[in-house]
Number of protein chains: 2
Amino acid sequence: MDTKIFCLGILSFGDATGYEIKKQLEGPFRHFYDASFGSIYPALGKLTDAALVERTELAQDKRPDKKVYSITPAGKMALMDELAKPISGDKVKSDFLATIVFSELLSPAAIDQMIADRLAAYDSAITELDCEQTMTGPGAHFVCGFGKALYTAARDYLENHRHEIVGHSLLTKSEKVL
Amino acid sequence: MDTKIFCLGILSFGDATGYEIKKQLEGPFRHFYDASFGSIYPALGKLTDAALVERTELAQDKRPDKKVYSITPAGKMALMDELAKPISGDKVKSDFLATIVFSELLSPAAIDQMIADRLAAYDSAITELDCEQTMTGPGAHFVCGFGKALYTAARDYLENHRHEIVGHSLLTKSEKVL
DNA sequence: GATATCATGTAAGGGGTTACATGATTGT
DNA sequence: ACAATCATGTAACCCCTTACATGATATC
């Protein structure tokens, strides 16, 4: 699922500008999907060319024109077709876990710091996902709960198993590795 | 962390060929990091150019020459520098969660199928991560346990909350959406 | 006879990010 | 004064994936 489809999905909930779509991606959604202006605006352009969305320009006082996008019937069909396809597995890229695999090369202090940072990050993610907010639809509610459950599990695991990675630094055995 | 650093990390455990590095990525690691030959071989080329790894060519009978890479002291330093940097947050791209957000556009049958597929995927991931295998070092052991904990939490959440997303399909209310 | 394993690599193309360019308004 | 919010867009670049190209050996 690329930015085009994601925009189509957001627009299926109601009309929005590119700027507003980006804002939606800054809420809880950003934990499992992200996109920058550099991909959103071109995506909306292509969707317009393909007549999957329609653009209405609203002139504004002392601001650039607002371009409000609406999904077209053809766009809704394209979205439904896409959603019906078999779903590809999640793509995760975790520099944190990679760093842990190679953590023998880190000082115990650096490892402790990394773990502390992570625990704090999990806590703030959990707080952020506590969303009885203006979340669009039951799907969004489920997704927030899902995210919270995962971050909580991650937090717990890290707290209960941190001892496995601290105390294995090769740097404790000899100051100089090289 | 890109493929170059990841290769450097793998090579810090011992010499390996590009082919062997790829194989490591097919085990439990692939749940949080992935790379194809199309990125591994060029990465090894650049690392060699930068003298961060050394290449030894081994002629083989009736097989292409094997190219065994070893990390150099400079490579080890580059790796350590990289690992010491503040770690960027995980990047997750979940088509599954995105689909759930937009699941009102799916038929109840399609939603059920999606959930069943997911539960099966979680189960096989959990089995796969059950690794007292030849995992390199304590870090890898931690990471496997971490992955297992997350997939288990995901599985449990999905099973306990699936009712929240089934039964909201707009398609149950009217056959034709358009 | 087909598929998997071993083993390397390249080229085209895809999809994205970052940084830049512009500019008024509102809040600290 | 300075930063943030609103609002759009482009261009350069990055990194990766997919598919291709090659080819022997072993297994089903």
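The values are calculated or read from the model by the stated rules, or taken from the named source; none is laboratory data. All values derive from a computational prediction rather than experimental measurement. Please note: Cβ atoms are built from the backbone with ideal geometry, for glycine as well, and neighbour counts cover all protein chains shown. When the accessible area is computed, the model is the full protein with side chains, heavy atoms only, and any ligands, DNA or RNA have been set aside. Shrake-Rupley method; radii C 1.70, N 1.55, O 1.52, S 1.80 Å.
Some notes on this structure:
- Qualifying residue in segment B:92-109 (condition: of a type outside the set (A, V, I, L, M, F, W, C) and more than 9 Å from chain A (Cβ to nearest Cβ)): yes
- Residue that is surrounded by the most Cβ atoms within 10 Å (Cβ to Cβ) [pool: residues in segment B:89-107 that are assigned to a loop (DSSP other than H, G, I, E, B) and of a type in the set (Ser, Thr, Tyr)]: B:Ser94
- Residue check, B:Phe96 touching a residue at least 60 places away in the same chain (Cβ under 8 Å) and either under 17 Å from A:Lys93 (Cβ atoms) or among the aromatic types (Phe, Trp, Tyr) (or both): no
Here's the yes/no breakdown for (1) modelled with pLDDT of 95 or more; (2) of a type outside the set (Gly, Ala, Ser):
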| residue | (1), (2) |
| --- | --- |
| B:Asp61 | no, yes |
| B:Pro64 | no, yes |
| B:Ser70 | yes, no |
| B:Ser88 | no, no |
| B:Ser94 | yes, no |
| B:Ile115 | yes, yes |
| B:Thr127 | no, yes |
| B:His161 | yes, yes |
| B:Ile165 | no, yes |
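- Residue in segment B:69-90 that is away from every other protein chain (no Cβ under 13 Å) and either under 30 Å from A:Thr136 (Cβ atoms) or touching a Leu at 6+ places or on another chain (Cβ under 9 Å) (or both) present: yes
- Helices (runs of 4 or more DSSP H) fully within segment B:18-88 that include at least 1 residues being of a type in the set (Val, Ile, Thr) and without any contact (Cβ under 8 Å) to a residue 60 or more places away in the chain: B:18-24, B:37-49.
- Sub-7 Å Cβ pairs linking a first residue in segment B:1-12 that is modelled with pLDDT of 95 or more to a second residue that is open to solvent by less than 30 Å² (accessible area, probe 1.4 Å) and among the polar types (S, T, N, Q), at least 6 apart or interchain, are B:Leu11/B:Ser70, ordered by first then second residue.
- Taken as a whole, the structure places A:Ala110 among residues that are in a helix (DSSP H, G or I) and surrounded by fewer than 19 Cβ atoms within 10 Å (Cβ to Cβ).
- Number of positions in segment A:36-81 that are crowded, with 19+ Cβ neighbours inside 10 Å and within 12 Å of DNA strand C (Cβ to nearest atom): 4
- The one condition in (1) over 30 Å from A:Asp81 (Cβ atoms); (2) open to solvent by 40 Å² or more (accessible area, probe 1.4 Å); (3) among the small types (Gly, Ala, Ser) that B:Gly145 fails to fulfil: (2)
- Candidate set: segment A:1-58, residues that are among the acidic types (Asp, Glu) and away from DNA strand D (no atom under 13 Å from the Cβ); chosen: the one nearest to the other protein chains (Cβ to nearest Cβ): A:Asp34
- Scanning segment B:125-142 for residues that are open to solvent by 20 Å² or more (accessible area, probe 1.4 Å), within 11 Å of chain A (Cβ to nearest Cβ) and assigned to a helix (DSSP H, G or I) yields B:Gly137, B:Pro138, B:His141.
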